[in-house]
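Peer 1: Below you will find the structure I want to go over with you.
Readers should treat all values here as calculations from the given coordinates under stated rules, not as data from a laboratory. Worth saying up front: this structure is predicted, and the values here are computed from it rather than measured. Glycine also receives a Cβ, built like all others from the backbone with ideal geometry; neighbour counts cover every protein chain displayed.
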Amino acid sequence: MSNQIQVISPYWYSGTWVFDDPSTALVQEPFVSGVPEMINELVADIPNARQGFRLLFSPAPFPGFQRKLTWVRPEFDGNWYQMEQPKMEGWLCPALFRYFSVAPPVLYVKAEELL
């Protein structure tokens, strides 16, 4: 059984958001296709977010979540999700399956400053 709430620490590298997660053997895993713009929205009020921030995500709501992402469709072994406010779509690559056995119908997310 895995944690209900997952956490990664994205940072800015080579013109996009990436993250490392030793527990899943991911190093500088990039966010692409609309997700960098979603992240920009989430971190708008976090000072120095490009140096790193904490991103919490879960298939269930949790206290203080910022946005709900709704599954839209699969494509290229990844999955498109939609954020309502502001309305945006982004593609999560197959690295999603390092955290979930199937693409969750919804993801709840929150960005926090690293302390």
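Peer 1: Going highest first, how would you order 34-46, 13-25 by mean Cβ packing within 10 Å?
Peer 2: Result, highest mean Cβ count within 10 Å first: 34-46, 13-25.
Peer 1: Oh, and also: Label the range 64-115 by shape, choosing from rounded, prolate and oblate, from the square roots a ≥ b ≥ c of the eigenvalues of the Cα gyration tensor; if a/c is under 1.5 it is rounded, and otherwise prolate applies when a/b is larger than b/c, oblate when it is not.
Peer 2: oblate
Peer 1: Quote the charge dipole size of the chain about the Cα centre in Debye, to the nearest 20; the model charges only the Cβ of Lys and Arg (+1) and of Asp and Glu (-1).
Peer 2: Dipole about the Cα centre, nearest 20: 200 debye.
Peer 1: I need the calculated FRET efficiency for the pair Asp20 and Glu75, taking r as the beta carbon distance and R₀ as 30 Å, to the nearest 0.05.
Peer 2: Taking R0 as 30 Å, the efficiency between Asp20 and Glu75 is 0.75.
Peer 1: When only DSSP loop residues count, what trypsin sites (Lys or Arg not before Pro) in the range 40-115 have their Cβ near at most 13 other Cβ atoms within 10 Å?
Peer 2: Lys87
Peer 1: If contacts are Cα pairs under 8 angstrom and at least 6 residues apart, what is the relative contact order of the chain in percent?
Peer 2: Relative contact order of the chain: 30 percent.
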